[in-house]
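Take a look at the structure set out below.
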Amino acid sequence: MTELLVKNACVIDPLRGINGETMDIAIRDGKIVEEVSDAAEVIDARGMLTLPGGVDSHTHICGTKVNFGRYMSPEDMRAGRTPRRGAMHATSGYSVPTTYGNSYRYSVMGYTTLLEGAMAPLEARHTHEEFTYTPLQDTMANTLFDGNWAILEAIRDGDVKRVAAIIAWTLKAVKGFGVKLTNPGGTEAWQWGKNVSCIRDPVPYFEVTPAEIIRSIVEANELLHLPHSVHLHCNNLGTPGNYSCTLGSFGLIPDLNEKRQTLYATHVQFHAYGGSEWKDFCSKSEPIARFVDMRPQIVMDMGQVMFGRTTTMTADGPMEFNLYRLHHEKWSNHDVELETGSGIIPVIYRRKNLVNSIMWAIGLELALLTKSPWQCLLSTDNPNGAPFVKYPEIIGLLMSKRYRDAEFATVHPDTESRVPLPAIERELDWHEIAVMTRAGAARALGIQDLGKGHLAPGADADVAIYPLKIDEVDPSAEYQKVIDAFSRTEYTIKRGRVVARRGECLVHGSNATLWVAPKVSDGYDMGKDPDFIEKFDRYYTVRMSNYPVQEEYVTRNRRIETEAEL
Amino acid sequence: MKVTLAMKPAAKWFIPIEAESIVPKNFLSGTDLRVWRGNRELRLDEVFSVSVEGDADRAEDVEVVLSGDTFRLKRVGEYLDAGKITVLGGIGMHCGNFMSGGTIEIHGNADGWLGREMAGGTIVCRGDAADYCASGYRGGRKGMKGGTVEVFGRAGDFLAESLAGGTVIVHGDAGDMTGAEMRGGTLVVHGDCSRPAANMKDGSCYVYGTARGMIPTFKKIGTVQHDGRTLIRFSGDLANRGKGNLFVKGYEYLD
Amino acid sequence: MIVKDAVCPFCGCLCDDIEVEVEEGRVVAVTNACELGTTKFMGEKRMKNPILRVGDEWKDITYDEAVKYAADMLLAAERPLLYGWSGTHGEAQCVGVHMAELIHGVIDNTSSVCHGPSILAIQEVGHPGCTLGVVKNRADLVIYWGSNPIDAHPRHLSRYTRYAEGFFLENAFRDRKVIVVDVRKTESANIADEFIKIRPGGDYAVLSALRAIVQGKADTIPRTVAGVTREQLVRVANLCKSAKFGAVYFGLGLTMTQGKYKNIRNAIELVSELSRHTKFTISAMRGHYNVYGSNEVNTWMTGYPFGIDFSRGIAFYNPGETTAVDILARKECDAALIVGSDPAAHFPRKCLEHLAEIPVVQLDPYPNATTAFCNVQIPVAVTGIDAEGTAYRMDGVPIRTRRVLSSDYLSDEEVLARMYALMQEARER
Amino acid sequence: MRSFVYYVREFLRPEWIRKFFFARTAPLETPSYFKGYPTRTEKECTGCFSCMMICPAPGAIAVLRKKDEWGPEVYPGHCIRCGLCVEACPEGVLSSGRILDVTDRDRTAFASWYHLEVDDNLCMRCGNCCVSCPVNRQIDPQLAGTGTSASDEVIMRIEGGRVRILHMEKCTGCTTCETQCPNRAIRVARMVEGVQLPEAEA
């Protein structure tokens, strides 16, 4: 039995309605408890800001395409190289760091739970292997279903229950957490070098539209009672005028779940563009934010862009090819049979570039214009908008109008006429930041009942203590202090152990993986469905028995069973 | 100030030594520097006999002279910005990486990656330079961006790969893929070379000898007079929508 | 006993449909595998226990002694080289990386003698690729460039390309064209629809010419390019442009000939160019069954796929300098650990001269050419036969190899973990 | 001169002239063993290729598909009129002379089949033959899709470390396997045997 007592913590715990209360946190064997014995080890937080461990609800840190981003970028690896030191292994990389690099840097920022945004089922084993080497966070992987042939056929046949059954079988087989749709239909079209332009374009051969895919899978998701909603990367990412497509997609979504949203729309910044071409490109953050304000069934994340070098990577293959045609630098693409695809190119976002400046503004606007912080979470779609190490700066920008104005003065001068940002006075408070970086993310992912994102007794003892006193710092003026504090915790506690302190990681740690196994009746067990098996055997290049990810790949196994209505 | 570093004989002479600390400005504050032999960190005087004559306040006034068997000494003059390094014998890989100013003079041969990604300054190599002289780094798009590299002997393969600026002059022959991916700057080869300026985007490449294995996607434009020579002018690599210029004395296709 | 859906630990195809019949702890029959895979499964004459060279004699030693010898050797070295890794499973490769990091050594895998140049090219221009099943289900044009699958990847054609029935090809065998490009008429060329014979060393020129032709600039191309007529080049370019889905597979004939990675870069740029007209992909025909896995493991652990030098604590990467062939040829290391490969069979003589001079420990189930250069050899279980673990197919699909029989041999991972534990202990002291 | 007179006298003998102009020979009649070029009958060709298989003259006969019908085409320049194709055809598509009467009378026929032979020394077990075989493709789409046999009904598959022929009798002699084997390890042989049919049961 190990016990730890964090004393004099200034706690903000939005899921429990605690906002800046000084209290003690008792921890026993990795869980928060009511109280501990006198033998407990004591940490004096001295009134510092104490939050539940950070939860990143959309990031790309592990798996085939992330690793390919590393593989093709030795120049990126030259930055951020550190030697082995104490419990820390050597790390390399800036925009796509090595797995240890990701883990240590997230941990130092107080993050304890990460959701890998896109995992191709066929290559799931790879993601899980990398999770093992991301030791200081608990992880889960959204599984890609955007171009799944069996699902497209079931949708064409109008059989939502079969769609659900295929999702159930696949999630269980690949130890996935949630359902991710990336440019639904577009990734299948891309395997012919084509794309779909918006939600009404039929997919070649399968003749279903993205709208049908989104709606059917949303319904199937709810039939399975998955903890998380469908996680959608809308069609038409990154093109001028795409906001109408985004609104169209949002409009498809009924409110089906009282506990959480029915749709999680990711990196909405990339989908909130006005204009008809790059010349008249402008922000359409306002209509998007208004739309979301009126619909509790939708939660989004920012997908903030920050200036500098990074690597874009997504399952949205055709979008990356378009980017390649703009930049004509290096381009990787990886289509995955019967399932999905991906693309990677390195980019540099420049302040001097008008489009980049507008993109930077849009992300901030979304967070500032959306009334409820529970509906717009903080993200950069790491590393697409920027590497996650930029989060503290984003927090600074959201909390300080003065900082925003100072930055705005350095961007392209024409930005002002294209975006509403300069007119927005709102400055977010500590509570709102806590929602956007942990409580809201945990609720959106549906993992608060699993003890994530809050500090109630019974919760996982994941705690971040930042070297900052909220009553002594005025974030509006002293934004640099805010940035510094969020960049480096005083203590990061993971599963009841101090894993990072003042920028140093102290233990080797071991990752736990959360995954979902929906329970379905025999008739809906795709593992026994002759048609499914026959097609699998014929068109995949791996055998069905070699497809599922074995238990060996999950060191700490957190299997979540759901009762499906099938 | 003149710092003379004479290499001492070592038991495991074959293990390379990395000595990026050997740049003139570091000697302004003494000779207590560290170098690495494989994975062991050593004091400078464990590897060299060090002698210092005179003193200086500015790096510009420091000259470092290297003598002895220095062909396994890597990364000498990395990030050199001022002052002079003279190598009496040969020098190991990565000499003058990223240098932005100052001078390096090598009396013997230089090993690979001489002046990799340099941005300014001058490198003179009196002997031969091995592969990747004045080139870029793996995965990078820009190689050398400025300064001058002059090699009086031969140069190896991939000379001035991804050259983006500055001038590279080789008085002898150069190897295969000379000036591959050039995107700027000037490359002059007095001797022969193979497949010059492949996939070039921009910049100028002069071959005063014969270009063997000439890439078939250069368009012949005519002849020009250059430095008292008649050269055939080709325009940049069509495969890469290129705009660069390639001037050769003679050429042979691999047909 | 019959083990179904076993995974073949021979080449990068990583066929996972093998049936292995085992009787009394021996493999007696193999179904579905090619000649190479069958031989590997049936392999015999394993070494029984670790051996130590004493003068000209071999002496049997225990695993503990062997592990201790290796750990001491590596700890004492100023620049140890950890080489091989392509013939073992990912979990063992991870231990290898940790080891290199701890002892500040150089870790490199067999890519440095096969597809290293391909990786360098990818690092310059990226890689438009796909999994093998995408090609199987869609491609109506397949180009084998400088690769002879019949010899090196026998089932590649029947499982993934020429003969395999695809979802979108009604009669794949009839509707799919195959072009073979090589310097000589190979076995694979015998069954191709079109064969392009290139003069040795001419790949780059031909690729450049094709790129220009695809861009509509055929008129500047000389009448013949490296032995190929302009007419044939134009015909092939048109075939490519009119294909619905084209796939290029290249092999060592392209990576290891003059120009090396520039050839691959040019091929990739051709494919990127063709992608503007139709769908095209390109992939390397990887040799060892888990060489791609070794690249993957190295990449997520160190940031670089091969040739990683931890001498200074941080990872440094520079193929041509930090790769095994170059290090050995220049005598830049003073101890070597060889795992899952047989460098003595492939390396130039100059490298072997240095290998003979330094202490060498090898982990390998069989006596091989490298045995002659070893001070200690430690027999281990064979991944995919009596050990299991992760391997990555040539297209990046990870598959868990199966254990088809049990033996008393320790796996690579177990032996390496023991070494690593000893080293950690020594370093902490 | 003498000889000329001799000849005239000799040839103008009335007996000779009578013989010459009025000689009678037996009427010309095609013998039963005579064979002309094979011709088509009204019977429908099933495309079994038996005729092609048995033909000893290279290039003399080919079974071609015209629109939706198969039919044999004889190339007279190559045909040696041996009549084997007529005898071999199970459907009586071709005829030439009274060959069929003879075989009918004697109750003889040709039995034919294809023999597949694999040289294990040359074979790489790449599976090209098994997967390219059109009969296999029809029987087991999974074999055609993945190279993995799921059916015992295929002609051949890779089994136990070699190409195992399971159903030689299904081979149609198209020789796809032969042309697709890069190492020429597989051979399709045409096997023909004359047989005496059993007496019909009364």
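Values in this text are rule-based calculations from the coordinates and carry no lab data. Since the model is a prediction, treat every value here as computed from it, not as a measurement. Here the Cβ is made from the backbone with ideal geometry for all residues, glycine too, and neighbour counts use every protein chain on show.
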Distance from region B:144-201 to region D:125-202 (C-alpha centre basis), Å = 60
What order do you get for A:113-126, C:409-422, C:75-88, A:245-258 when each peptide is scored by the mean count of other beta carbon atoms within 10 Å, highest first?
-> A:113-126, C:75-88, C:409-422, A:245-258
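What FRET efficiency do you get for C:V28 and A:M544 if R0 is 30 Å and r is their Cβ-Cβ distance, rounded to the nearest 0.05?
Details: r = 26 Å, r/R0 = 0.87.
My answer for the efficiency is 0.70.
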Order of A:65-77, A:399-411 by packing, highest average Cβ count within 10 Å first?
-> A:65-77, A:399-411
Compute the relative contact order of region C:120-200 as a whole-number percentage, counting only Cα pairs closer than 8 Å that sit 6 or more residues apart in sequence.
-> 28
For B:G77, net neighbour charge (Lys/Arg +1, Asp/Glu -1) across residues whose Cβ lies under 14 Å away | -3
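Strictly over 27 Å apart at the Cα level, which of A:K330/C:K241; C:K197/C:K244; A:K180/A:K469; C:K217/C:K244; A:K65/A:K259 would you flag in this model? Show your work: numbers first, answer last.
On the way: A:K330/C:K241 22 Å; C:K197/C:K244 25 Å; A:K180/A:K469 39 Å; C:K217/C:K244 22 Å; A:K65/A:K259 33 Å.
Cα-Cα > 27 Å for A:K180/A:K469; A:K65/A:K259; rest within.
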Sum -39500 (n - 2.57) across every DSSP H segment of at least 4 residues in chain C, then divide by the residue count to get the 222 nm mean residue ellipticity, nearest 500.
-> -10500 deg cm²/dmol
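Just tell me how shielded B:216-225 is by partners: mean number of partner chain Cβ atoms within 10 Å of each residue's Cβ, no decimals.
4
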Under 16 Å between C-alpha atoms is the cut-off here; go through region B:1-127 and count lysine pairs that meet it, provided they're at least eight residues apart or on different chains.
-> 5
Under 5 Å from the placed amide H of C:K279, counting only residues 5+ away or on other chains, we find C:G246
Compute the distance in nm between two label points, each set 7 Å from the Cα along the Cα-to-Cβ direction, one at A:T555 and one at C:M42.
-> 4.2
By a straight-distance test (C-alpha under 14 Å), which aspartates and glutamates pair with D:K35 as possible cross-link partners, with residues fewer than eight away in the same chain excluded?
-> D:E87, D:D101
Using a cut-off of 14 Å between alpha-carbon atoms, which aspartates and glutamates can reach D:K43, once sequence neighbours fewer than 8 places away in the same chain are excluded?
-> D:E69, D:E91
Sort out for me the Cα centre separation of region C:299-358 from region B:38-74, rounded to whole Å.
-> 28
Which whole-Hz couplings ³J(HN,Hα) result when phi for each residue of region D:33-48 is put into the Karplus expression 6.51 cos²θ - 1.76 cosθ + 1.60, θ = phi - 60°, listed in order with x for Gly and Pro?
-> 8, 6, 10, x, 5, x, 10, 7, 9, 7, 5, 8, 7, 9, x, 8
Give a residue-ordered list of calculated ³J(HN,Hα) values for region A:38-49 (Karplus: 6.51 cos²θ - 1.76 cosθ + 1.60, θ = phi - 60°; whole Hz; x for Gly, Pro).
-> 5, 6, 4, 5, 10, 10, 9, 7, 6, x, 6, 4
extent check for the protein assembly as shown: Cα max minus min per principal axis, descending, whole Å, gives 153, 82, 75
Projected onto the charge dipole of chain D (unit charges on the beta-carbon of Lys, Arg, Asp and Glu, signs +1, +1, -1, -1), the Cα from D:C133, D:A23, D:G92 with the largest positive-side position is that of D:A23
Averaged over peptide A:119-127, how many Cβ atoms belonging to another chain are found within 10 Å of each residue's Cβ?
-> 4
Rg (Å, one decimal) plus Dmax (Å, integer) for the alpha carbons of chain A?
-> 22.3, 68
Just tell me which aspartates and glutamates come within less than 18 Å, Cα to Cα, of C:K185; anything on the same chain fewer than 8 places away is out.
-> C:D151, C:D193, C:E194, C:D203
Positive-end extreme of charge dipole, region B:109-253 - chosen from B:N199, B:Y251, B:A119 (charges on Cβ) = B:N199
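With a cut-off of at most 16 other beta carbons within 10 Å, and DSSP calling the residue loop, which trypsin sites (Lys or Arg not before Pro) in region A:175-258 qualify? Please list them. List each step's numbers first, then the result.
Values: sites: A:K175, A:K180, A:K194, A:R200, A:R215; in loops: A:K175, A:K194, A:R200.
Passing sites in region A:175-258 are A:K194, A:R200.
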Among C:T299, C:T224, C:N263 the positive-end extreme of the charge dipole of chain C (Cβ point charges) | C:T224
Shielding by other protein chains, C:287-299, mean Cβ within 10 Å = 3
Before rounding to the nearest 500, sum -39500 (n - 2.57) across all DSSP H runs of length at least 4 in chain B and divide by the residue total; then give [θ] at 222 nm in deg cm²/dmol.
-> 0 deg cm²/dmol
Report the semi-axes of the equivalent ellipsoid for region D:115-188 in whole Å, largest first, where each axis is √(5λ) for an eigenvalue λ of the Cα gyration tensor.
-> 17, 13, 11
What relative contact order, as a whole-number percentage, does chain C give when Cα pairs under 8 Å and 6 or more residues apart are counted?
-> 25
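With an 8 Å Cα cut-off and a minimum separation of 6 or more residues, compute the relative contact order for chain B in percent. List each step's numbers first, then the result.
On the way: 900 pairs, mean separation 25.4, N = 255.
Relative contact order comes out at 10 percent.
Just to confirm a number: summing +1 for Lys and Arg and -1 for Asp and Glu over residues other than A:L237 whose beta-carbon lies under 11 angstrom from that of A:L237, what do you get?
Working: positive: none; negative: A:D316, A:E320, A:D381.
Cβ neighbours under 11 Å give a net charge of -3.
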With no solvent and one point on each alpha carbon, what is the Debye value of log10 I(q)/I(0) for region D:39-107 at q = 0.13, 0.15, 0.16 Å⁻¹?
-> -0.33, -0.44, -0.50
Any chance you could count the Lys pairs in region B:109-253 whose alpha carbons are under 22 Å apart, treating pairs 8 or more apart or on different chains as valid?
-> 12
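Would you mind counting up the charge near C:W145? Only other residues with Cβ under 13 Å from its Cβ, with Lys and Arg at +1 and Asp and Glu at -1.
Numbers: positive: C:K197; negative: C:D182, C:E194, C:D203.
My count for the surroundings of C:W145 gives -2.
Going highest first, how would you order C:45-55, C:320-330 by mean Cβ packing within 10 Å? Before the final figure, lay out each step's value.
Values: C:45-55: 14.5, C:320-330: 22.0.
Per-residue mean Cβ counts within 10 Å order the peptides as C:320-330, C:45-55.
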Region A:1-128: Cα Rg divided by the 2.2 N^0.38 Å rule of thumb = 1.34
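Calculate for chain A the 222 nm mean residue ellipticity that helices alone would give, adding -39,500 (n - 2.57) per DSSP H run of length 4 or more and normalising by residue count, nearest 500 deg cm²/dmol. All intermediate terms of the calculation are to be shown ahead of the outcome.
Working: 18 runs with 165 residues, N = 566.
Rounded to the nearest 500, it is -8500 deg cm²/dmol.
I need the shape label for region C:6-70. Rule: rounded when a/c is under 1.5, else prolate if a/b > b/c, else oblate, with a, b, c from the alpha carbon gyration tensor. Numbers along the way, then the final one.
On the way: a/c = 2.96, a/b = 2.43, b/c = 1.22.
Because a/c hits 1.5 or more and a/b exceeds b/c, region C:6-70 counts as prolate.
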Check B:V65: other-chain or 5+ apart residues with amide H under 5 Å from its amide H, H built from backbone geometry?
-> B:V3, B:T4, B:L5, B:T86
